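Undergrad: Pasting in a structure now, in structure tokens, and then I'll have a few things to ask.
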Amino acid sequence: MLRSHFSRLKSVTSYLAAILASSCLACALYAADPIAPPNYDEEKVPQFTLPDPLVAPDGSKIETPEQWREIARPRILELFKTEMFGQFPEADLSKVKFEEISTKPDALNGKATRKEIRIYFNYPEKTPKADLMILIPNNAKKPVPAFLMPNFQGNHTTTDDPTVTAVDAPFRTRNANEKPDDVRGVAKSRWAFDKIIDRGYAVATVYYEEIEPDKSAEFKYGVHPLFTNFDITKDDYPAVISAWAWGLSRALDCLQTVPEIDATKVVVAGHSRLGKTALWCGANDERFAAVISNNSGCGGAALSRREFGERVDRINASFPHWFTKKFHTYGSRVNDLPIDEHELIALIAPRPVYVASASEDLWADPKGEFLSCFYADPVYKLLGTDGFGGVVAPPEVNTSVGATIRYHKRTGKHDVTDFDWEKYLDFADFVFGR
């Protein structure tokens, strides 16, 4: 076993509600909730023992890549399905269809071509559906690698461009009465489209609630009714994060039909709850070349056993639809979990993974995110990569460290910034040998 070594006013308001993940917002929940407030004191982090991904239940060692692929990885993946995220959805993919609804060849002042492709998840039914917005550099040699990253309020919020189709989702959990122009461009600071295009990468985004509404116990407007393995009476039914992850896999299917994109070189990325989604998607869909987790915290990259910032009991009380019924039973007994988040990262191996934290985002436990990278390293090493590159301690702020596994903690809050994107672009250059 591994031992712990280390004890934006209307639009802005709705935007902040969308992420509900910064510490100040989270703490407001406690007045009406008996769950104890979060711990931000390293001295109060409990002693813990992590499950070793390279030890089988009978105590035998996993010593070869073949043993990892045939014995350890399937067992750990199944544990994440039964204990945490639920089964990865199954559906009739022959009913998934794509329709290009617009093309703009002079987007971003002529630097990019913008395509909007509507994904029908149950054709010929017109719903559920989701619009995938894609920006492709005009001057790069084609086909190009791409980033796929879901967004929180609609594609039209990622840019000021008035021609981007606004979200038509009456079930959305944000502000159902807001008009598209109330929030058009409200999240553009998170989307470094010019930087991405200038570096020769395409970027695609989809509004996550068009895949599945972010609501508790409502499974009628999104993709859940399509899943052949969805049974609400079972503890391991596909929970909502699994539905979002399945939707990102369908977005990859769509990118495979776009000749300007090299669909073998797609990086799936996500922020906050969508960072958790990206990790789970990448663990299940090995077609993704690499995975990026931005401030994903509890249920994402942060170790559950540290009980620092957002804890398992808190996240299940706030967002009971994200995870399995079984995961809810671990709130007061986190050490009984047969898995922890270093193993979620290990499931992505040997493909590269980047985990990013923020210095003021203690809710997401930056140190716990770092430690998951550290403890995933042996699996990456076993599979012949350079893993975490010998990193043994958290780096200085605004410094990227690692190799096939990478990590940084930048200054600032729970967000996606230009600094993050610069590091992710450098990472993609490394992944694709550019």
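Undergrad: So how much slack lies between residue 336 and residue 138, counting 0.36 nm per residue of separation and subtracting their Cα-Cα distance, in nm?
TA: 66.0 nm
Undergrad: With a 1.4 Å probe and all protein chains left in place, how much of the accessible area of the chain comes from carbon and sulfur atoms, in whole percent?
TA: 52
Undergrad: Here is a follow-up. 5 Å is the cut-off here: which amide hydrogens, built 1.01 Å from N in the peptide plane, fall below it relative to residue 39, excluding neighbours closer than 5 in sequence?
TA: When sequence neighbours closer than 5 places are left aside, the close amide H contacts are 309.
Undergrad: Amide H neighbours of residue 131 under 5 Å, at least 5 residues apart or on other chains, H built in the peptide plane: list them.
TA: Those qualifying (amide H under 5 Å, at least 5 residues apart or on another chain) are 119, 207.
Undergrad: So how far, in whole Å, is the C-alpha centre of the range 252-277 from the one of the range 307-373?
TA: Answer, in whole Å: 23.
Undergrad: Got a number for the accessible area of residue 94? Probe 1.4 Å, square angstrom, nearest 10.
TA: The accessible area of residue 94 comes to roughly 80 Å².
Undergrad: Okay, next question. Could you run the Karplus curve 6.51 cos²θ - 1.76 cosθ + 1.60 with θ = phi - 60° over the range 217-225 and give me ³J(HN,Hα) per residue in whole Hz, x for Gly and Pro?
TA: 6, 10, 10, 10, 9, x, 7, 3, x
Undergrad: Kindly provide the helix-only [θ] at 222 nm of the chain, computed as the sum of -39,500 (n - 2.57) over DSSP H runs of four or more divided by all residues, to the nearest 500 deg cm²/dmol?
TA: Rounded to the nearest 500, it is -7500 deg cm²/dmol.
Undergrad: Under the 0.36 nm per residue contour assumption, what length would be gained going from the current alpha-carbon distance of residue 70 and residue 178 to full extension?
TA: 33.8 nm
Undergrad: Here's something else I'd like to know. How high is the relative contact order of the range 347-434, in percent, with contacts defined as C-alpha pairs under 8 Å that are six or more residues apart?
TA: 33
Undergrad: Whole-Hz ³J(HN,Hα) for each residue in the range 423-434, computed from phi via Karplus 6.51 cos²θ - 1.76 cosθ + 1.60 with θ = phi - 60°, x for glycine and proline: what do you get?
TA: These are the phi-based 3J(HN,Hα) values: 5, 5, 5, 4, 4, 5, 4, 5, 4, 9, x, 9 Hz.
Undergrad: Cα extents of the range 373-434 along the three principal axes, largest first, in whole Å?
TA: The Cα atoms of the range 373-434 stretch 35, 28, 16 Å along their principal axes.
Undergrad: Might you work out the accessible area of residue 224 for me, using a 1.4 Å probe with all protein chains in place, and round it to the nearest 10 Å²?
TA: Only protein atoms counted, so the area is about 0 Å².
Undergrad: Also, I was wondering about something else. Which entry in (i) 57, 50, 43; (ii) 111, 46, 37; (iii) 88, 62, 40 is this structure's computed Cα extents along the principal axes in Å?
TA: Looking at Cα extents along the principal axes in Å for this model, the match is (i).
Undergrad: Under a crude label model (7 Å from the Cα following the beta-carbon direction), how far is residue 99 from residue 399 in nanometres?
TA: In this crude spin-label approximation the distance works out to 5.4 nm.
Undergrad: Here's another thing I want to ask about it. What nm distance separates the two modelled labels at residue 429 and residue 256, each placed 7 Å from Cα along Cα→Cβ?
TA: So the two model labels end up 3.1 nm from each other.
Undergrad: How much accessible area per residue does the chain have, counting only protein heavy atoms and a probe of 1.4 Å, in square angstrom?
TA: Each residue of the chain exposes 37 Å² on average to a 1.4 Å probe.
Undergrad: Now for a separate question. What is the count of Lys pairs in the range 100-219 whose alpha carbons sit under 22 Å apart, if the two are 8 or more places apart or on different chains?
TA: Within the range 100-219, the lysine pair count is 23.
Undergrad: Given H placed 1.01 Å from N in the peptide plane, which residues other than close sequence neighbours of residue 52 have an amide H under 5 Å from its amide H?
TA: Sorted by chain and number, the residues that satisfy this are 2.
Undergrad: While we're on this one: So for the pair residue 359, residue 61, with labels modelled 7 Å out along Cα→Cβ, what separation do we get in nm?
TA: About 4.1 nm, to one decimal.
Undergrad: Could you please put 42, 341 in sequence from largest to smallest accessible area, using a 1.4 Å probe?
TA: The ordering from most to least exposed comes out as 42, 341.
Undergrad: Also, quick follow-up: Gain in length, residue 235 to residue 42, computed as 0.36 nm per residue apart minus the alpha-carbon separation, to one decimal in nm?
TA: This chain segment gains 66.1 nm when fully extended.
The values are calculated or read from the model by the stated rules, or taken from the named source; none is laboratory data. Quick caveat, the model's predicted, so the values are computed rather than measured. So basically every Cβ, Gly included, is an ideal-geometry build from the backbone, and we count neighbours across all protein chains shown. Surface areas here come from the heavy atoms of the whole protein model, side chains and all, with no ligands, DNA or RNA. Shrake-Rupley method; radii C 1.70, N 1.55, O 1.52, S 1.80 Å.
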